[in-house]
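Rule-based calculations on the coordinates, nothing more; no lab input. Owing to the predicted nature of the structure, the values given are computational and were not obtained by experimental measurement. As a convention, Cβ positions derive from the backbone with ideal geometry for all residues, glycine included, and neighbour counts pool all protein chains shown.
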Amino acid sequence: MEIRRILVANRGEIAARIIRTCRELGIETVLAASEADCDSVPARLADRTVCIGPSRASESYLRVETIVQAALGVRADAIHPGYGFLSERAALARLCEEQRVIFIGPTAAQIESVGDKLRARSEAQAASVAVVPGGAVESVEAAQSLARQIGTPILVKAVGGGGGRGMKLVDRLDDLPHAMELAASEASAAFGDARVYLESFVTRGRHVEVQVLGDGQGGVIHLGERDCSVQRRYQKLLEESPAPGLSDEIRRQLHEAAVRFAKRLAYRGAGTVEFLVDTTRDRFYFLEMNARIQVEHPVTEAITGVDLVAEQIAIASGTGLRLTQSDIRPQGCAMECRVNAEDPSRDFLPSPGVVGDVSWPSGPGIRVDTHIAAGSRVPPFYDSLMAKVIAHAATRSLTLERLRRAIADARVAGVATNLAFHIAVLNDPEFQAGGVDTGFLARLLERSPLKTETVARG
Amino acid sequence: MTLTAKDVAEITRLLEESNFDELYLEMDGLKLSLRRGADATTAASAASTVSAAAPASGPALGRGLALATVPPAADDPNSVGVTAPLLGTFYRAPKPGAAPFVEVGSQVEEDTIIGIIEVMKLMNTVRAGVRGRVIQILCQDGALVEYGETLMRLGKTK
């Protein structure tokens, strides 16, 4: 079915980014915005904006019925959920299916199979993709017995979880019961599902993920990998593609494993299969699949030249996959910095407020995805992402230099930003060498604690 | 070429039949701004812009397209708007074909139901909130109303 009008059920930079592709495709857009976002940059870019509720996400962006009602009311053919909010709620995909509104994403059943981390683990095993040693535990006794088998350190993770919530690291077996209790109560509060499972903790691991596109009929291609190891408390800060320093063999195996996993689900749309690469043993394990467009997708777009949102829309409209695997020929290297309104010198405390003067970088090989212009508000109700600055060049070192110049050029007044922190990361010799593990950022912060800097207000 | 009142009426009709809620037209120094379901203040300014060029009869805005038939709220401290507490489909009557809950001129108490907003088969009643009289109904039956949109204007009883 042809998609002529899309309800964009999101906010911020991703809403703006989706709208831009729709405009290019001649598709009308209606932005479903909360009261706080009705005069935002995405609202100005959209053909129309409907106010779906108060500022608090639980009363607007997280209301499944309201979103579908809005789509029906404005006669949208499809809903694009972006990332976060309702993007991976099976309930939205299901209600769309019932109301015959196209959900730009996977089926409700697919969201459920990857949303339940234990089910995703068993799907991975069935697709001959290695998972981190561990598994489900019904009781503390069972957990202790499993923990003795796989050895410490161990991660207690939430079955319904993600983003580090409901996750606890256990170094000594004696601490396991307490950690399980904590993880279960956190998981219950955050995801409404108190179930937890155990995974062996890989001390020197890299977070490498593979972008896939599936037609929903079993056809799946990959668009290379992204290295997202620069993380702070499981929040990604900087991503790049290709993952530096991987052997061609491991890289090929990662791509193939991701495709096998997505094929097994007959996955529909854009998705990402996340892996933990154990650098000391040269092995990798399946972590989870993200059934949505991801924040860091422009990195893949830069090196492949593919507009992933356009492909999502094509797949959702029934066109299927317009690309074959041989069409995907990654060129050069791309790297992305997430520019957040947060204060690194105050433990990355979010810094909402009204933005004063803004100047985003530009130039050859630079892309900036943002919803922030002079006078824009960073409301306290949502995440603090203000922009993604993406650099693309022929080699990693040229990309790094380009990105560093771009970040140094960026000016954002009125709120605290992590721009200076990005410069510190890009200047770090270990990062420059490439292939850092997920513990890199914590070590960097320990080595050179950030000075308290005064933030220009105005 | 200048716009006649007839042209404006025709444009208004086209807007009515379209899926769009707003229309801005600029030609020969004339600025025409029409908005579906607009609140009284917006409608008043739109109407006065139109009347500058087309004073004859004023555009025949149909149902749902509010016109400045009442004084703008700002001028009348006793006039209050009833806004939509949530996004959904607005119904003026309890069921299709039934008499509307209220009409222009109806007397309302604070707890008088003035309409229903449906969200995915869930009916939410909207009450007047003040004691008074319905001055103007701004949203048509079956229309999508946004959160915070003014549904009706009421004149408070002193």
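Can you give the extra length, in nm with one decimal, that the chain gains between A:R252 and A:Q99 once fully stretched, where that is 0.36 nm per residue apart less the Cα-Cα distance?
Numbers: separation 153, 0.36 × 153 = 55.08 nm, distance 4.09 nm.
Stretched out fully, the A:R252 to A:Q99 stretch lengthens by 51.0 nm.
For B:K156 paired with A:S362, estimate the spin-label separation in nm (one decimal), with each label point 7 Å from Cα along the Cα-to-Cβ line.
Each label point lies 7 Å from its Cα, and together they span 5.1 nm.
Less than 12 Å Cβ to Cβ from A:P81, Lys/Arg counted +1 and Asp/Glu -1: what total charge do the surrounding residues give?
Values: positive: A:R11, A:R89, A:R292; negative: A:E88.
Every neighbour counted, the sum reads +2.
Anything over 20 Å Cα to Cα? Flag those among A:K157/A:K236; A:K168/A:K263; A:K157/A:K388; A:K168/A:K236; B:K95/B:K121, in the order listed. Please report the intermediate quantities before stating the final value.
Working: A:K157/A:K236 18 Å; A:K168/A:K263 32 Å; A:K157/A:K388 29 Å; A:K168/A:K236 18 Å; B:K95/B:K121 13 Å.
Cα-Cα > 20 Å for A:K168/A:K263; A:K157/A:K388; rest within.
Per residue of chain A, what 222 nm ellipticity follows from adding -39500 (n - 2.57) for every DSSP H run with n ≥ 4, rounded to the nearest 500? Display every interim value, and only then the final one.
Details: 15 runs with 154 residues, N = 458.
Result for chain A, helices only: -10000 deg cm²/dmol.
When the C-alpha atoms of region B:72-158 are aligned to their principal axes, what extent does each axis show, in angstrom, from largest down?
Taking the Cα atoms of region B:72-158, the three principal extents are 37, 24, 19 Å.
When each pair of different Cα atoms in region A:353-458 is counted once in the 1/r mean, what is the Kirkwood radius in angstroms, to one decimal? Each step should come with its number before you reach the end.
Details: mean 1/r = 0.0658 Å⁻¹.
One decimal place: 15.2 Å for the Kirkwood radius.
Distance in nm between label sites at B:Q140 and A:A394, each 7 Å beyond Cα in the beta-carbon direction?
Distance between the two pseudo-spin positions: 6.2 nm.
If a/c stays under 1.5 just call it rounded; otherwise compare a/b with b/c (prolate if a/b is bigger, oblate if not). Do that for region A:1-74, with a ≥ b ≥ c from the square roots of the Cα gyration tensor eigenvalues.
Values: a/c = 2.17, a/b = 1.34, b/c = 1.61.
Note, shape of region A:1-74 comes out oblate.
Under the definition of partner shielding as Cβ atoms of other protein chains within 10 Å of a residue Cβ, what is the mean value for peptide A:63-75? Let's see the in-between values first.
Details: counts 4, 1, 8, 6, 2, 2, 11, 6, 0, 4, 11, 3, 2.
Per-residue shielding by partner chains comes out at 5.
Report the FRET efficiency, 1/(1 + (r/R0)^6), for A:T324 and A:A442, where r is their Cβ-Cβ distance and R0 is 60 Å, rounded to 0.05. Write out the running numbers ahead of the final one.
Working: r = 41 Å, r/R0 = 0.69.
The pair A:T324/A:A442 has a calculated efficiency of 0.90.
Could you check what % of the DSSP bridge pairs in chain A are antiparallel, to the nearest 5? Mind showing how you got there, number by number?
Working: 63 of 78 bridges.
Expressed as a percentage, antiparallel bridges in chain A total about 80.
Where in region A:1-107 are there GluC sites (Glu not before Pro) that are in a DSSP coil and have at most 14 other Cβ atoms within 10 angstrom of their Cβ? Could you put the intermediate results ahead of the total?
Numbers: sites: A:E2, A:E13, A:E24, A:E28, A:E35, A:E59, A:E65, A:E88, A:E97, A:E98; in loops: A:E2, A:E88.
Counting only loop positions with at most 14 other Cβ atoms within 10 Å, the GluC sites (Glu not before Pro) in region A:1-107 are A:E2.
If I model a spin label as a point 7 Å beyond the Cα along the Cα-Cβ vector, how far apart are those points for A:R411 and A:D171 in nm?
Label-label distance for A:R411 and A:D171, simple model: 4.6 nm.
Mind checking the full-extension length gain between A:R260 and A:D347? Use 0.36 nm per residue of separation minus the Cα-Cα distance, one decimal, nm.
Contour length minus Cα-Cα distance gives 27.3 nm.
Treating each Cα of chain A as an identical point scatterer and ignoring solvent, apply the Debye formula and state log10 I(q)/I(0) at q = 0.09 Å⁻¹.
Treating every Cα as an identical point scatterer, log10 I(q)/I(0) equals -0.58.
Taking neighbour counts of Cβ atoms within 10 Å as a proxy for exposure, in what order, fewest first, do A:K236, B:K156 appear? Write out the running numbers ahead of the final one.
Details: A:K236 21, B:K156 13.
Ranking A:K236, B:K156 by Cβ neighbours within 10 Å, fewest first, gives B:K156, A:K236.
Beyond 11 Å, what share of the Cα-Cα pairs of region B:113-158 remains, rounded to the nearest whole percent?
Details: 736 of 1035 pairs.
The answer is 71 percent, as a whole percent.
Within region B:112-131, whose backbone N sits under 14 Å from a point 7 Å along Cα→Cβ of B:K95?
Inside the label zone: nothing.
Pop out the Kirkwood hydrodynamic radius of region A:176-251 from its pairwise C-alpha distances, inverse of mean 1/r, in Å to one decimal. Please list the in-between numbers first.
Values: mean 1/r = 0.0640 Å⁻¹.
By the Kirkwood definition, the hydrodynamic radius is 15.6 Å.
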